[in-house]
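My questions will all concern the structure given below.
The values are calculated or read from the model by the stated rules, or taken from the named source; none is laboratory data. Note that this is a predicted model, so its numbers are computed, not measured. Quick reminder, even Gly has a Cβ in these numbers, built from the backbone with ideal geometry, and neighbours come from all protein chains shown.
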Amino acid sequence: MPKKVTAGKIDDLTFEQAFAELEATVARLEGGDLSLEESLALFERGQRLSAHCSRLLEQAELKVTELVKRDE
């Protein structure tokens, strides 16, 4: 029996948690044993997880840039 799509607030996840869930989501989608409804829900959550990871990486990059500028 296929697992349900993970629910929960993405904004509360760390980068590592979100990325791990995104990897698991991709693996499940590639498995091909999901219904259309489950696939669409997983794809949508994967999109949100990807956007969250991108935001966190961007914030980290900005912080590093600020620290480097401060030290110059």
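Which one of these is without any contact (Cβ under 8 Å) to a residue 12 or more places away in the chain, surrounded by 12 or more Cβ atoms within 10 Å (Cβ to Cβ), among the charged types (D, E, K, R) and assigned to a helix (DSSP H, G or I): 55, 45, 70?
55
Do we find that residue 62 is farther than 12 Å from residue 22 by Cβ, out of contact with any Cys (no Cβ under 8 Å at 6 or more places or on another chain) and touching a residue at least 40 places away in the same chain (Cβ under 8 Å) in this structure?
In short, no.
Residues that are touching a His at 6+ places or on another chain (Cβ under 6 Å) and part of a helix (DSSP H, G or I): does the stretch 24-42 have at least one?
No.
Continuing with the same structure: Checking residue 1 against (1) modelled with pLDDT of 95 or more; (2) in a loop (DSSP other than H, G, I, E, B), which single condition isn't satisfied?
(1)
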